[in-house]
Amino acid sequence: MAADVIIALDFDSADKTLSFLDLFSGRKPFVKIGMELYYSAGPDIVRAIKARGHRLFLDLKLHDIPNTVGKAMRVLSRLDVDMVNVHAAGTIPMMEAAAAGLKREDGTSALLLAVTQLTSTSEERMHKELLISATMPETVMAYARNAKAAGCAGVVCSPLEAALVKDACGPDFVTVTPGIRFADSAADDQARIMTPAKAREAGSDYIVVGRPITAASDPVAAYERCLKEFLGG
Ligand code: C5P
């Protein structure tokens, strides 16, 4: 199973993003761009980052009717992204349409991930507002099973849920986990956090790390520390 550290490029412009990436003269990090940067800089920023040799997770969390999601994924597949995601709440037909839309003519495909429940959603709100009466772990496991049945390669989840997901869906089902902090760094607005080493032990295949790297005084050193703690050696 592949394992890597993914840097969350939560910047609001192409200039800031590319200046940040200029710092990395050695290993080209796997990076994630989300809605803020994609909506401000568009597909050009994806092309620019890919042209520099980075692997890229496009974190747009699609959730719409199957036809719309399938067609949107067809467009994204031409951008040569390595990972994309949808909300598992869109149900199995929507995730199937996403998987079909992502298939390139040469048979390759970006890794399709599903978001189970957002880590910002509390169990209380899930019960009261979404009318889901199951517990959070039961919900996450059921959504992960649906994602697997629909042809997704894995899920985005809390590192605290990674082991549950592996139990439910098997060791090859990929877990990508944000909410990572060094033992000595600030939690910021993340509530349920884990260190890179603990996340690996807990079953994370990829960790998504933003501010502990992007806001560090030496981002390259922070990235290398993260790689070392996560991958060992
Ligand atoms: O700066 P930090 O390490 O908290 O960044 C985490 C990244 O992972 C951000 O891009 C955030 O949007 C994303 N993310 C998250 N929790 C989720 C899903 C995505 O923190 N459940």
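The values are calculated or read from the model by the stated rules, or taken from the named source; none is laboratory data. These numbers come from a predicted model, not from an experiment. Cβ sites come from the backbone with ideal geometry, for glycine too, and all protein chains shown count toward neighbours.
Residues are listed down the side, and each one gets a yes or a no for (1) more than 20 Å from residue 85 (Cβ to Cβ); (2) free of Cβ contacts under 8 Å to residues at least 24 places away in the same chain; (3) not in a loop (DSSP other than H, G, I, E, B):
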{"residue": "151", "(1), (2), (3)": "no, no, no"}
{"residue": "155", "(1), (2), (3)": "no, no, yes"}
{"residue": "187", "(1), (2), (3)": "yes, yes, no"}
{"residue": "192", "(1), (2), (3)": "no, no, no"}
{"residue": "204", "(1), (2), (3)": "no, no, no"}
{"residue": "213", "(1), (2), (3)": "yes, no, yes"}
{"residue": "220", "(1), (2), (3)": "yes, no, yes"}
Just to verify a result, which residue in the stretch 109-141, among those that are β-branched (Val, Ile, Thr) and closer than 30 Å to residue 81 by Cβ, is surrounded by the most Cβ atoms within 10 Å (Cβ to Cβ)?
116
Where residue 223 falls short, out of the listed (1) closer than 19 Å to residue 10 by Cβ; (2) among the aromatic types (Phe, Trp, Tyr); (3) under 16 Å from the mean Cα position of the chain (by Cα):
(3)
With respect to residue 46, is the statement that it is modelled with pLDDT of 95 or more, surrounded by 17 or more Cβ atoms within 10 Å (Cβ to Cβ) and farther than 20 Å from residue 211 by Cα true?
yes
Just a yes or no: is a residue in the stretch 157-172 touching a Cys at 6+ places or on another chain (Cβ under 8 Å) and more than 26 Å from residue 229 (Cβ to Cβ)?
no
Go through the stretch 131-149 residue by residue and tally those that are under 24 Å from residue 193 (Cβ atoms) and either in contact (Cβ under 8 Å) with a residue 60 or more places away in the chain or assigned to a loop (DSSP other than H, G, I, E, B) (or both).
1
Going through the stretch 158-188 in order, the residues found to be polar (S, T, N, Q) and more than 9 Å from the ligand (Cβ to nearest atom) are 175, 185
May I ask you to verify whether residue 196 is buried (at least 20 other Cβ atoms within 10 Å of the Cβ) and either in contact with a His (Cβ under 6 Å, 6 or more places away or on another chain) or at pLDDT 95 or above (or both)?
yes
